[in-house]
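Every number here is computed from the coordinates shown, using simple stated rules; none is lab data. A quick note: this is a predicted structure, and the numbers were derived from the prediction, not measured. Note that we place each Cβ from the backbone using ideal geometry, even for glycine, and neighbour counts take in every protein chain shown.
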2 protein chains.
Amino acid sequence: MRIIAIIGLLAAVLTTVSFLPQAIKTIKEKNTESISLGMYTLFTTGVFLWLVYGLMIKDVPIIAANLVTFALASFILGMKLKYK
Amino acid sequence: MRIIAIIGLLAAVLTTVSFLPQAIKTIKEKNTESISLGMYTLFTTGVFLWLVYGLMIKDVPIIAANLVTFALASFILGMKLKYK
């Protein structure tokens, strides 16, 4: 595999899984005080549109990455709404 | 412009600017308690790799979006390290 493809894949994996520690921290601490509602509203909407975009152009990596990110980001958004 | 391109652009703008309200909130409140250090470490590294990827494949939208996101995410990471 080319070095460029490896860097792109690693970038996609990191930006996708990064929301997992935030989700876990929020579950454990039930505290979302310093998390921005505006950020998660805009971000979750944006990731949903990335998912729609991936489905429209039938791009499996875009669909897969944004499906995972959408699940995690919408969960964190739900926790923010629940514990605000 | 095709509807697919508009959705992709809107997705890119939303996921990029979404970190601005978080950065502003953090500046105002100087509180990063419920923000995950793990998330911002992984996310900032991932966005940096997206930037490297964009430079390697010479893709202006990837470079532009990730330059803005990298600036905002690394700023929030810095605030987390300062106020933790």
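Report, in listed order, any pair from B:LYS58/B:LYS82; A:LYS58/A:LYS80; A:LYS30/B:LYS30 with a Cα-Cα distance greater than 23 Å. List each step's numbers first, then the result.
Numbers: B:LYS58/B:LYS82 35 Å; A:LYS58/A:LYS80 32 Å; A:LYS30/B:LYS30 20 Å.
Over 23 Å apart, Cα to Cα: B:LYS58/B:LYS82; A:LYS58/A:LYS80.
Starting at 0 and stepping by 5 Å, how many percent of the alpha carbon pairs of the protein assembly as shown end up in each bin? Calculated over all Cα pairs of the protein assembly as shown, the distribution is 1, 10, 17, 23, 22, 14, 8, 4, 1, 0 percent.
Just tell me, in residue order, which DSSP H segments of chain A are both 27 angstrom or longer along the helix axis (alpha-carbon based) and at least 1.0 in mean Kyte-Doolittle hydropathy.
Values: long enough: A:37-56 (28 Å, 1.50); A:60-83 (34 Å, 1.49).
Taking the DSSP H segments of chain A (at least 27 Å long, mean hydropathy at least 1.0), we get A:37-56, A:60-83.
Report note on the peptides A:21-28, B:40-47: ranked by the mean count of other C-beta atoms within 10 Å, highest first, their order is B:40-47, A:21-28. Computed about its Cα centre, the charge dipole of chain A is approximately 180 debye, with only Lys, Arg, Asp and Glu carrying charge at their Cβ.
Shielding value for B:53-59 is 3, the average number of Cβ atoms from other chains within 10 Å of each residue's Cβ.
When Rg and the Kirkwood radius Rh are both evaluated on Cα atoms of chain B, their ratio Rg/Rh stands at 1.04. With a simple spin-label model that places each label point 7 Å from the Cα along the Cα-to-Cβ direction, the separation between B:ALA71 and A:LYS58 comes to 3.9 nm. The mean number of Cβ atoms from other chains found within 10 Å of a Cβ in peptide B:22-29 is 3, as a whole number.
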